[in-house]
Every structure is written in C-alpha cells, then in structure tokens.
Amino acid sequence: MIEGQAAVGGDAGSVAHAGSDAGAVAPVIDSGGNRLALLVGIDQYAQGEGTDWPTLRGCVGDIERVSDLLQQRFGFRAEDILVLTNEEATHEALVRAIDQHLIQQAGPDTEVLYWHSGHGSRVPDLSDHPEAEFQEQDSTLVPYDARSGGHDFTDDEMQSLLRALCAKTDRVTVITDSCHSGGVTRGPGERVVRGAPAGSDGTDRGGLPASWPAGVPFLEDGDPLRGTPLPYIHIAACASYEQAEEIRVRDARGRVRHFGALSFFLCQALREAPPAVSFRWLAREAAVRVARHAPMQSVQFEGPLDRLLFAGDFSAPPAGFAAVIDPEARLPIEVQAGQLHLLRVGSRLQVLGEDGTPLGEAELVRVGDGTSLANWSGEAPDLTASVAARVIELSRPSNDPPLRIYLPPGDFEDQLAAALAEAEDCPLEILREPLAAEYQLQASKHDGAYVLRTDSGLGLWNEVDPPTAEDTRLLRITDQLTARLRLEHRHRALLALAESPSSVAVELEFSAPSEADWQEWAPVYGLGPYQEPTGPEGGALRGDAPAMRIVDRPGDAQLDLVKLSVHMPTGPAQKAMYLSVLCVSQDRSTEPIFPKDTRQDNLLEPGETLVLPPINVFVGPQWPDSQPLRDRYLAILTPQYQDFAPLVSPAFLAHGPSAKRGSSGSLPPGADDLPPVLKQALIGSTKRGGSLMPKKPGFGVASADLVVYRPLR
C-alpha cells in the first residue's frame, strides 16, 4: 500500500520519532489561546455482544499526527488540545468533553476542531421521522463502550451538541474518519475498514444518559430547530452508505504503520497548505488523494467551505521536504517524502541546513512511499551529530515506482517471481507475504488459473488458456502479465497528474443538469422529458464536491446525463490556453473527452467558463454490480495545442512510444512540446536527470471524479 510521511526510524535520541512530523513544518504561530481541539482515536473497543468487528490499528496514530501538526504549524497550544484514546473515549466521556472542553470554553472568535478516528456504524432511528435518514437508520460514531453497556454516539446527539457549540462560535470544523460518517452530522481481512456491524439499540430523548449536558437540548429528526442551517464545516471519510479504509504505511526501511486514508491525506494537505487558502481547498486536496488510493470511498464535505483555513493565521510552508542527517548511518539522509511525492530512486537533491545554508547534494538510494534514504553525491559535510535539514528535489529519473505484487510461496511461483523480476520497462516488487502488497497474483482454487487482483479485490487479469507444460505456461503468463502491468503503470501515472504541481489555475466541476440545460440538449441528443438525475441515496446530485455520485439506470440512458464545467480564473499575467479533458476510469480505460477532434475550438480565455457536452453515465457489463465505478476527469491547460488522443490509445498506453525493441521511439505530433511533468505522466519520456518542472509557468491540471452506482437489486 502507501507509505506515510511520518519520520519513522532512529533511536530515542533521534531528531524525529515515529508518527511525528518533526522538522517538517513552518515556525509556530502564537494564536493567543483562541483555538480548541478535541481529538478522538479508538483502536481497541470494550468486548461485548456483537463486537467481533475488524481490529483497527491506525486511529491512535491518526490523532498523534494531528496533534503534532496542530501545535507545530497552526498555533494550537498543548493545553488547547484534549485527546481521548481507546478506553478514555467512552460515550459519557465523549459527550462531556464536547461540552466542557469545546462548548463551555469557546468564544466568538475561537477556532474549534473536532477530529474523530474510529469505527462508524448505523442504528435504528427512533424518532417520529425515521424517513429523514438513509434506510431509516442513524449514522453513528462508535465510542469505546458502545456495545458493552453504553451506546453509539448518534448523528442526533452530534447535531444537538453542534448547535450549542455554534451558538458560541461560527468557526467550527468536524472531521470524521470512520465508516458511514458522511451522515454523522446531518440528521474485515487484508482490507481493513472502519465500520462496525449495525447496532440494534437506537437513541431518542428518553434514552439519553443522565450525564447529558443540562444546557443542551436534544434535537431529534423532525425538530423545527433541525431545519436551521449551522455554520460548521464537516469533512467525512465517506458517504453514509460507504466504508472508510485504513492504509498500510511502509517506510524506506520496510517498517509498516497504519493510518486512516482520510486522516493521512488530510494531514498531508494541511502540511502543504499555503496561507490564505480555504477549507474548500483542503477538502478537495484530500478528496483527490484519497480517491486515488482508496477508490471505494468518496470524501464528503459540507458547510461554509470558503472560510479561511484556521483564519489564515499560519506561515507558508518552507520549501522542500524535511529530512534528518545522521552522519554515522550508512545511508545518512532520511527524507520525510517518497513515492507519494513522486520521488524516485536516483532523484537528485539539494540538502539545506535549518537556516537555509547549502550542505551539499545527494541522491536517493532507497524510496518508500512516504520516507526515503539518500547518500551524498560528493563530499559530505563535517557533522558530528544528527541534525534536522530540508531537501529540495533538483531532478528525478523517468523510471516508475514499482508495483508491489504478492505471490504466494510455491515451486512454480518461485519461477514466476524470477521471470517477472526480469521484465523490461515494468518495475515490479514481488512480495512473498501479503502485508503492504498493492496487488495479489494467485492461482484459483477452482481451476488453478492465475488471477491478478488489486488489494481491494478488483480483477485486472486472469489466465484464460488452460495450463500446459510448465515452461510454455511460464513464458505465456510472464508475457501477458508484463503487458497488463505496463498498462497499470500508465494508469497510475495518469491518475497522479491530479496531484502534480501546476502553475496555472483551472477549476473542474460536475453538476446536475437544470431543466434549461435539458431543453437546450433535447433537440441535439433526442432527449425525452426532463427528469433530474439522482444519487445512490435517492437525493439530488451535489455539484460542490470533487466526486459526484450518480446511479446508472440501464436501458434509460437519458436520465443519466451530468454537466461538466471548466473555469479558467483571471490573473495579472494570465493568457489564453488550450484545454484538453481526459477521462481515466477505474476500469482502466482512458478516453479523450474534449476536444473530440481538431475542428473543435478548445482555446480558453482567462475568466471563461466552458460547459462541455453532456456526460452520459455508463457502467460496462464487465464491472461488478457490488462496486461503484470511479471515473476521474482531468482538465489540462497547455500553452500550445496538444492532441492527446494518440497518447491514450490502448496500444500506446500499453507499450509507450517505443513499442518495438530497437525502434526510433518517435512520439505523436506535439508531444515534444508538453511540459516535462505532463510528458512523464503521459508518455514516460523524461530522461534520467532531466528537470520535471518547466522553465517558466506553462500548464495547469485539475480533476473531478464521477462515481457511478448500479441500482440496488
């Protein structure tokens, strides 16, 4: 899976310690005590009837990282932060902490943060209006004692406490990293999810514990006060009908930790956030990163998202990545960044002291997903003890990070592992233990044929020919798998474009078509009467999130159209640029969306908003009914016209520009003019040592996801 940015390693005297972001943040801002945080992380639960849910291993780690980050960068003092973990986080303690630490201490200008990592669940809605909830069940957070004498913390309780809190301050942020958490504030195996089985006991006004705060009215569904909007911001790991995943994090030395996908990528975005950005920026950044690594969950967010992140009261992040230099180590430079940051073995780094003094250059020798190890390229500085430092990437090689594939033990499997390790232009890491694997290659128990799956169970390839002589079979499987895995490399590179640093702003957004849109489209596309499309919960589609969720109704395609808009903001020196839109699907297909041919005008002026032709939602018959399909739409702005169609053809994606050994490797027209970072993602042509960044500003990338469900049967 993916690695953390946590600096994992060193002894007790090291500069950084496991789970911290020491040295990775800007100078601390003194907020004057006008900030409050309640952080809850629960890995272990009291045992009781029905508590045989998956064990969690990353929730306490989430909270440790958040606490460090709030203090190091965002001006929270230690006394501003209350942390409840495991047995401390009972239902009674949770309610009391929200009341006493947050509600009672908050003032009009207080920034308040509530962060909850743990199991989520559902319980029956006992109000007089159960129809207000999805499937007539309350979304809940599961306290430590929920199923052993206590009860779940329901969305009705959360809503009641939030109303009391928002009466004190309008600067409230709630983050819930648990299953079903998209509905909390509104009214198990290798893949670990943060979801407990549904409980049987709901909560109503009569069932409140005696410890409920006397000054906080309990508001059930249907209460008139529930109809009044509140000014809090809520970022949830997933929708109320989805599950939130934990990710395994491996550092450059092979050690593994666990984190919630939302918490991990939110911390990453918080660390990188420049001043004067909004919570909308934060939520979108996290949502795009989560979707790439945990495509079965869609980050949800609501509220006044244009509010400045922590009032904009924090410094800009320093350039580069944090590092620790240990002059006694064989690989003396540990960098708190890795494959998630597009670092590669062979990346060339400039190493700076904490005061910005150049210490020399280094080259990455070993790269995990979140931490890396480097050695000096020339003469090492004269250091006698471990020191904190920063590194700035100067260039990186073109080789892709390896795909981690689990292949179980066995004689034939040993031969297959050796053959795959020799595959050209297809970096692989063959693992003989399933931990930290991204893919699994195993023989079917039914007929012995091999199947390649992602760690979430998505089938990518299967052996269709019957087993023959072992030597013939080995060659056939190796050739087929290598071709398929090259395609997987290109798919991952295209998805990673959404996280690439770009110098030109561009905004991409889905929305439900209005009746006026429908009337405009009807004569062109032969549409019938207007009917608003719906999401999997049956409600209207939302257009304010990077992931729109819609149901594909087979046989009635005209109901499944959505609108996609691209906006190019104005800027003091911004010029018109050429727009291309690609769709990169979870089913591994890639399609150019706009322009469809060279006759379409795709020049976008500063300040212009372009509404693309309607997107027809479709899930192919080969996609499993039980899983939603995520399509990522990439909007790419370039200073010259680019024809991306040849670059996303199946043959080109599978083999790249040099399909035959010894060929000239010529590129499609215009590809040489691509900015280097786009060229590497699309055609993998950046040479070793070549700079990734353009010499002057010149491209923009934005993304939005469309998550398509089939109707429940």
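Could you check, for the stretch 358-369, whether at least one of its residues is at pLDDT below 90 and out of contact with any Lys or Arg (no Cβ under 7 Å at 6 or more places or on another chain)?
Here is the first cut: in the stretch 358-369, the ones at pLDDT below 90 are 367-369.
Cutting the leftovers down to out of contact with any Lys or Arg (no Cβ under 7 Å at 6 or more places or on another chain) gives us none.
The answer is no, given that none of the residues of the stretch 358-369 is at pLDDT below 90 and out of contact with any Lys or Arg (no Cβ under 7 Å at 6 or more places or on another chain).
Every residue, every condition in (1) at pLDDT below 75; (2) within 17 Å of the chain's Cα centre (by Cα); (3) part of a loop (DSSP other than H, G, I, E, B); (4) among the charged types (D, E, K, R), yes or no:
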{"position": "Phe218", "(1), (2), (3), (4)": "no, no, yes, no"}
{"position": "Gly222", "(1), (2), (3), (4)": "yes, no, yes, no"}
{"position": "Arg226", "(1), (2), (3), (4)": "yes, no, no, yes"}
{"position": "Pro229", "(1), (2), (3), (4)": "no, no, yes, no"}
{"position": "His234", "(1), (2), (3), (4)": "no, yes, no, no"}
{"position": "Ser240", "(1), (2), (3), (4)": "yes, no, yes, no"}
{"position": "Gln243", "(1), (2), (3), (4)": "no, yes, yes, no"}
{"position": "Ile247", "(1), (2), (3), (4)": "no, yes, no, no"}
{"position": "Phe259", "(1), (2), (3), (4)": "no, yes, no, no"}
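Any residue at all in the stretch 302-309 that's small (Gly, Ala, Ser) and open to solvent by 10 Å² or more (accessible area, probe 1.4 Å)?
First, pick out the residues of the stretch 302-309 that are small (Gly, Ala, Ser): 303.
This time we only want the ones that are open to solvent by 10 Å² or more (accessible area, probe 1.4 Å), so: 303.
Taking every residue of the stretch 302-309 in turn, at least one turns out to be small (Gly, Ala, Ser) and open to solvent by 10 Å² or more (accessible area, probe 1.4 Å).
With Arg284, Arg292, Arg253, Arg280 as the choices, which residue is more than 18 Å from Gly58 (Cα to Cα), part of a loop (DSSP other than H, G, I, E, B) and open to solvent by 20 Å² or more (accessible area, probe 1.4 Å)?
Values: Arg284 fails: part of a loop (DSSP other than H, G, I, E, B); Arg292 fails: part of a loop (DSSP other than H, G, I, E, B); Arg280 fails: part of a loop (DSSP other than H, G, I, E, B).
After applying the criteria, what remains is Arg253.
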### Task
Could you pull out every one of the strands (runs of 3 or more DSSP E) wholly within the stretch 300-363 that has 1 or more residues that are farther than 21 Å from Ser263 by Cβ?
321-325, 333-335, 348-353
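In the stretch 422-468, what residues are basic (Lys, Arg) and over 12 Å from Leu407 (Cα atoms)? Write out each step before concluding.
Of the residues in the stretch 422-468, the ones basic (Lys, Arg) are 432, 445, 453.
If the condition is that a residue be basic (Lys, Arg) and over 12 Å from Leu407 (Cα atoms), then Lys445 is the only one that fits.
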### Residue check for Glu463: acidic (Asp, Glu), open to solvent by less than 20 Å² (accessible area, probe 1.4 Å) and farther than 30 Å from Phe699 by Cα
yes
### Query
When residues of the stretch 320-339 are filtered for being open to solvent by less than 20 Å² (accessible area, probe 1.4 Å) and over 21 Å from Ala385 (Cβ atoms), how many remain?
2
### Task
Give me a count of the residues in the stretch 256-274 that are open to solvent by 10 Å² or more (accessible area, probe 1.4 Å) and of a type in the set (Gly, Ala, Ser).
0
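Do you know which residues across the stretch 382-434 are hydroxyl-bearing (Ser, Thr, Tyr) and not in a loop (DSSP other than H, G, I, E, B)? Show your work before the answer.
Just the residues of the stretch 382-434 that are hydroxyl-bearing (Ser, Thr, Tyr), to begin with: 384, 386, 395, 398, 406.
Within the stretch 382-434, Ser395, Tyr406 meet the criteria.
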#### Entry: Single residue of Val387, Val391 found to be in contact with a Leu (Cβ under 6 Å, 6 or more places away or on another chain), more than 30 Å from Glu245 (Cβ to Cβ), of a type in the set (A, V, I, L, M, F, W, C) and modelled with pLDDT of 85 or more
Val391
#### Entry: Considering residues of the stretch 95-126 that are buried (at least 24 other Cβ atoms within 10 Å of the Cβ) and not in a strand (DSSP E or B) only, the residue modelled with the lowest pLDDT
Asp125
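Name the single residue that is surrounded by the fewest Cβ atoms within 10 Å (Cβ to Cβ) among those in the stretch 51-90 being part of a helix (DSSP H, G or I) and of a type in the set (Gly, Ala, Ser).
Ala78
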### Task
Could you look through the stretch 340-384, keep only residues that are of a type in the set (S, T, N, Q) and surrounded by fewer than 16 Cβ atoms within 10 Å (Cβ to Cβ), and pick out the one that is nearest to the chain's Cα centre (by Cα)?
Asn375
### Summary
Restricting attention to the stretch 414-441, the residues that are in contact with a strand residue (DSSP E or B) (Cβ under 8 Å, 6 or more places away or on another chain) and of a type outside the set (A, V, I, L, M, F, W, C) number exactly 8
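The values are calculated or read from the model by the stated rules, or taken from the named source; none is laboratory data. Small disclaimer: the values here were computed from a predicted structure and weren't measured. In this analysis, Cβ positions are derived from the backbone assuming ideal geometry, glycine residues included, and neighbour counts consider all displayed protein chains. Protein only, heavy atoms only, side chains kept; ligands, DNA and RNA dropped before computing areas. Shrake-Rupley method; radii C 1.70, N 1.55, O 1.52, S 1.80 Å.
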